[in-house]
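Here is the structure we will look at.
The values are calculated or read from the model by the stated rules, or taken from the named source; none is laboratory data. Not measured: the values here are computed from a predicted model. Heads up, the Cβs are rebuilt from the backbone with ideal geometry, glycines too, and the neighbour counts pull from every protein chain shown.
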Amino acid sequence: MQTIKTALLRTLSLFIVWWALTEGDSSGAVFGAVVSLLVALVSIRLFPPGTYAVRPGSYRLRILGVLSFTGHFVGNSVIAGVDVARRLLLPRLPVDPGSLTLTTRLPEGSPRWLLANALSLMPGTLSVNLIDDQLELHCLDQRMPVTAFVRQTEARIAAMYGITPPDDSGAQS
Amino acid sequence: MIEFTIQLVQVLLLITGCLFFAIGTLGLFRFRDTLSRIHALTKVDNLGLGFLVIALLPQVASPTVGLKVLLIWMVALAASATSAHLVARAVVSEQRGTEGGEGPDA
């Protein structure tokens, strides 16, 4: 049952992508629908339902979490772009690169992967390596509060997936 | 009048986007190491692309074209994050290989 639901959901998502790519042209719609279904079936084989699901949390919490994470991500990627541009335009080039290894508290799978990728687009951090729960970052400026920022992003991702927030109140501000 | 204002805003957004792309490329020349250069290329160029996408949205012929433009943006974001990570990992593992088991920091 769960498989059928996932297959239908994936078919629908793929078809929306097809619909956008063909700019709503109806002559290719049937072909697109068939291809969407076939690709969804292949994806079920390759990534069975549940591969990325961490825990089926409350639906409402997740929607809010997605919005909150998206806002955090968009806002900070703008800050990141402006920040690097500002440093580049200053004659003295104020950077102090270095590396930093953190232990992530997110569970394995897509939450960790999302954290690593999102951090690459956020201010001052670039994901270099992710081995188990060890996340190695390259920091453009070591004077920036990188750790606090990573923890903040982690908490947003945890909320999005409906994971209980990491029980740590000491390092958090 | 409204149309003129929209066009003016679009032109400003397009110019801003192109400026960010130019600054991102400047990063290739000003930064001294590969990892810092990746910071410039991913972050600044993504912001530039964002400005271009927002500038183009009011002009789209139909909602599906708008969706397509947004799709391009999202795919470009995912691709740039992933490729930045892969290049960074390759650089660091190469550095460690040539340093022959020294400390992890360069």
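Of all residues in the range B:1-31, those satisfying the criterion of being within 9 Å of chain A (Cβ to nearest Cβ) and under 26 Å from A:Ser99 (Cβ atoms) are B:Ile23, B:Gly24, B:Leu26, B:Gly27, B:Arg30, B:Phe31. Of all the numbered requirements in (1) closer than 22 Å to A:Phe15 by Cβ; (2) more than 10 Å from chain A (Cβ to nearest Cβ), B:Gln59 misses one, and that requirement is (1).
Do we have any residue at all in the range A:83-94 that's buried (at least 16 other Cβ atoms within 10 Å of the Cβ) and more than 8 Å from chain B (Cβ to nearest Cβ)?
The answer is yes; a qualifying residue exists.
Looking only at the range A:118-137, residues that are more than 13 Å from B:Leu86 (Cα to Cα) and either part of a helix (DSSP H, G or I) or among the basic types (Lys, Arg) (or both) come to 2 in all. Which of (1) more than 19 Å from A:Thr125 (Cα to Cα); (2) within 10 Å of chain A (Cβ to nearest Cβ); (3) surrounded by fewer than 17 Cβ atoms within 10 Å (Cβ to Cβ) is the odd one out, the single condition B:Gly50 does not satisfy? The single condition B:Gly50 does not satisfy is (3). Within the range B:70-91, the set of residues being buried (at least 18 other Cβ atoms within 10 Å of the Cβ) and free of Cβ contacts under 8 Å to residues at least 24 places away in the same chain comprises just one member, B:His85. Being within 12 Å of A:Gly81 (Cα to Cα), part of a helix (DSSP H, G or I) and either at pLDDT 95 or above or over 11 Å from the mean Cα position of the chain (by Cα) (or both) is a description that applies to B:Gly27.
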